[in-house]
Amino acid sequence: MTTDLLFKKIADNDEQAFNTLFKSWYVRLLTFAKHYFSVTEVSEEVVSDVFVWLWQNKSLLVDVRNPESYLYIAVKNRCLNELRKMKYKHQFIEEAVAINLSTVNNTPHKDMEREELFRKLNDLVNALPRQRRLIFKMIKEDGLTAKQTAEILQLSPRTVETHLYKAIKKLEEEITDYLGYSPKKKQMKCIILLMF
């Protein structure tokens, strides 16, 4: 069974097709991910995350035109994102040690507000039109470029960029309504990047 057909069956909630995809691709994708990490467990986690994402977002798979490329690109970008997180986490730890953590104004109330905002943003993303949501998630979650997304979905890069722009604009408008004020664009961009 071709990967293209497996994606279509998975989009129709076919668990057997998902299991077949997993068995067919897991080792190949794990071998690929190992090029990025010296620790096998990290590679395994990255590949597992990709499969979890595929199942959780299976309804979007029907729009993917080149599943093989999509799988490799998704793993590559998850690897790069994980490497960035490791780098930022390392930098954060160094900075946290350098300053007195007791001066950080982080109350349980603020943590709750931040969690509520992330939940709201997640709901808003899921409410986007299907193709716009897919493009937004491919770029913001999977770390694909607009060009890569366009190739996978067989769209023009301009169409992908337009969908992404409209998605971000819609999120900004909805969050402004939700908060009762307009967050600065830089803050909004940081929220969206932190969320995904």
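Values quoted throughout were computed directly from the atomic coordinates according to the rules given, and no laboratory measurement underlies them. As the structure is a computational prediction, the values presented were derived from the model and not from experiment. A quick note on method: Cβ atoms are made from the backbone with ideal geometry, for glycine too, and the neighbour counts reach across all protein chains shown.
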Practice task
Mind ranking 29-39, 72-82 by how tightly packed they are, going by the mean number of other C-beta atoms within 10 angstrom, highest first?
Solution key: 72-82, 29-39
Fill in the blank from the handout: Distance in Å, no decimals, from the C-alpha centre of region 60-86 to the one of region 25-51 is 12 Å
Handout entry: Table column - 3J(HN,Hα) (Hz), region 13-25, Karplus curve with 6.51, -1.76, 1.60, x for Gly and Pro
Key = 6, 8, 5, 4, 5, 5, 4, 5, 4, 4, 5, 6, 10
Completion exercise
quick shape note, region 1-86: Cα extents on principal axes in Å, largest first -> 36, 20, 19
Handout entry: Tensor-based shape of region 131-171 (alpha-carbon gyration tensor, a/c under 1.5 rounded, otherwise prolate or oblate)
Key = oblate
Fill in the blank from the handout: For L164, the net charge from surrounding residues (Cβ-Cβ under 10 Å; K, R +1; D, E -1) works out to +3
Exercise for the section: Between T176 and M112, with labels modelled 7 Å along Cα→Cβ, what's the label distance in nm to one decimal, could you check? Expected result: 2.9 nm
